[in-house]
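The values are calculated or read from the model by the stated rules, or taken from the named source; none is laboratory data. Note that the coordinates shown come from a computational prediction; the quantities given were computed from them, not determined experimentally. Quick reminder, even Gly has a Cβ in these numbers, built from the backbone with ideal geometry, and neighbours come from all protein chains shown.
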Amino acid sequence: MHASPDRMSAQAARTRSVSARLRVISITSATMLMASCSEGVLDPHGPVGKAERVILYDSTAIMLAVIVPVIVLTLVFAWWFRARNRQARYRPDWEYSGRIEMIIWSIPALVVLFLGGIAWTGSHDLEPSVPLKETTAPLDIEVVSLDWRWLFIYPHEGIASLNRLVVPAGVPLRFRLTSTTVMNSFFVPQLGSQIYAMPNMVTQLNLKADEPGTFEGLSAMFSGDGFSDMRFDLVATEPEAFKDWVNATKAQGGVLDARTFEELSKPAKADGVQTYAQVSESLFDRISSGSTATVSPQRGQ
């Protein structure tokens, strides 16, 4: 009995439709995969981010050394022990093999050993508070996590910026971080090493941007209604351009004192970039200790 031409054509059409959908899904998945590599942790622009990418690749390779053989052997076993294979032997009384037990337990032990070694060495080499091995003097930046904005203070320049971090490329960045209310997480994926900002505490972080560019920064920890908008741009410029930006910021005016900070510390969603030409003396220390009263302004150097 043969199928009718109409039924065969309909089946062929369904087959072509399924094939077309699979092609679209494959192309879309490949495009999304390649796009995801153009930014974020897989596209680092600093020594810390590059070292973390190596750790990620090494860990993935170690785990694939187990995952790939398991997948392949699963398919091989299913094919070999199929019902039509007369050569496959059924051994219901088999229960133990010392050689197989050795392989089964040694491979996971080696995986744990290798992954543990990578985590151990990486956590020491990339300790956030350890200064980078650079001959150039670092730029000090004080970071305050607000609800729901980021405040950046340049203590030696005597200026501050809200929701925008401008730094010179090729210069080590030495951060001190704190929070006004809840614990938050400071993260620039393309530079590496997220770290927590906590109230009444100061954490430290060392990063560097190897080249000029604009890199997205964000809060990597939920902190309330405005969490999703708690983002900022880290703009790495040439050193001369950074000096010009500092001078332009000082010329624009604006004072960041205790009264101004009290207004900033009130919960509010991100409302654009703002700069301050003057910052009160020891404002960050007073914020981190929980006391911002009686602060006098200090003109930037």
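Quick notes on this one:
- Residues of the range 168-196 satisfying the condition of being part of a strand (DSSP E or B), of a type in the set (G, A, S) and under 15 Å from the mean Cα position of the chain (by Cα): S185
- Only one of T249, T214 that is in a strand (DSSP E or B) and polar (S, T, N, Q): T214
- Scanning the range 197-240 for residues that are of a type outside the set (A, V, I, L, M), in contact (Cβ under 8 Å) with a residue 12 or more places away in the chain and out of contact with any Leu (no Cβ under 8 Å at 6 or more places or on another chain) yields a total of 16.
- Residues that are free of Cβ contacts under 8 Å to residues at least 60 places away in the same chain and assigned to a loop (DSSP other than H, G, I, E, B), drawn from the range 137-152: A137
- In the range 267-280, the qualifying residues are those that are at pLDDT below 90 and not hydrophobic (A, V, I, L, M, F, W, C), and the one that is surrounded by the fewest Cβ atoms within 10 Å (Cβ to Cβ) is G272.
- All conditions but one from (1) at pLDDT 80 or above; (2) farther than 30 Å from V235 by Cα apply to H2; the one that does not is (1).
- Residues (charged (D, E, K, R) and in contact (Cβ under 8 Å) with a residue 24 or more places away in the chain) located in the range 249-265: K250, D257, E262
- From the list L132, L115, the one residue that fits, being surrounded by 11 or more Cβ atoms within 10 Å (Cβ to Cβ), outside the structural domain of E263 (by TED's automatic domain parsing) and assigned to a loop (DSSP other than H, G, I, E, B), is L132.
- Test result for K243, among the basic types (K, R) and either surrounded by 14 or more Cβ atoms within 10 Å (Cβ to Cβ) or outside any helix (DSSP H, G or I) (or both): no
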